[in-house]
1. Can you tell me which condition A:G43 does not meet? The list is (1) in contact with a Ser or Thr (Cβ under 9 Å, 6 or more places away or on another chain); (2) surrounded by 12 or more Cβ atoms within 10 Å (Cβ to Cβ), and all the others hold.
2. If I ask for residues that are under 16 Å from A:A41 (Cβ atoms) and not small (G, A, S), which ones from the range B:56-67 would you list?
3. Looking at B:A90, B:A49 in this structure, which one is without any contact (Cβ under 8 Å) to a residue 12 or more places away in the chain and closer than 22 Å to A:M45 by Cα?
4. Of all residues in the range A:46-76, which are surrounded by 19 or more Cβ atoms within 10 Å (Cβ to Cβ), assigned to a helix (DSSP H, G or I) and either modelled with pLDDT under 95 or more than 9 Å from chain B (Cβ to nearest Cβ) (or both)?
5. Which of the following residues is modelled with pLDDT of 95 or more and over 28 Å from B:A52 (Cβ atoms): A:G43, A:G79?
6. For the range B:20-34, state whether one or more residues are assigned to a strand (DSSP E or B), touching a residue at least 60 places away in the same chain (Cβ under 8 Å), over 12 Å from the mean Cα position of the chain (by Cα) and surrounded by fewer than 19 Cβ atoms within 10 Å (Cβ to Cβ).
7. Which of the residues that make up the range B:35-45 are assigned to a helix (DSSP H, G or I) and either of a type outside the set (S, T, N, Q) or within 10 Å of chain A (Cβ to nearest Cβ) (or both)?
There are 2 protein chains.
Amino acid sequence: MVQKLDDDARTALLTRFRDWTHDPTRDAITRRFTFDDFAQAFGFMTSVAIIAEKMDHHPEWSNVYNRVDILLTTHDADGLSERDAKLAEAIERLL
Amino acid sequence: MVQKLDDDARTALLTRFRDWTHDPTRDAITRRFTFDDFAQAFGFMTSVAIIAEKMDHHPEWSNVYNRVDILLTTHDADGLSERDAKLAEAIERLL
């Protein structure tokens, strides 16, 4: 079982990842990424997919042409966990 | 401008792609694909992405772990067109 973040840790995460939005209903963070075209958007998704698979922690995401919407939460924790912070950090590093 | 399907052509498309559901609000077809795991699901998405880019016709889609939801419609036609039939056919051929 993965530990859900406590309130202080959640605040720290949201302060750190200012470009992400907190979804309180899901206790998730979300972010939209916009690229020049589909090839760039899907290239980004491929990089994220490889990282996610390696971390064994996967995003919920959607893509429409040059746009990628990512939602991170931890099902096992029923909300945000340290895993989401790690995956968000890795995604940020790709940009 | 891409031609939107007329009623007969739309009926023919829906008859042909019985595993797809018609979304009348969007005039789109949708289908959920379920795989063993994320790697399989994303492998499928990668194949679809390459085909879509080659056809210059892209799906609206989302992925959660082993599940891929695809929606096909043609923005330029404001509904289903022959392009959606071609992409659906190519996706079916992957399975």
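1. (1)
2. B:D56, B:H57, B:H58, B:P59, B:E60, B:W61, B:N63
3. None of the other options fit; the residue is B:A49.
4. The one that is surrounded by 19 or more Cβ atoms within 10 Å (Cβ to Cβ), assigned to a helix (DSSP H, G or I) and either modelled with pLDDT under 95 or more than 9 Å from chain B (Cβ to nearest Cβ) (or both): A:V48.
5. Exactly one of A:G43, A:G79 is modelled with pLDDT of 95 or more and over 28 Å from B:A52 (Cβ atoms), namely A:G79.
6. no
7. Hits for the range B:35-45 are B:F38, B:A39, B:A41, B:F42, B:G43, B:F44, B:M45.
The values are calculated or read from the model by the stated rules, or taken from the named source; none is laboratory data. Given the structure is predicted, the values throughout are model-derived calculations rather than measurements. All Cβ positions, glycine included, derive from the backbone under ideal geometry; neighbour counts span all protein chains shown.
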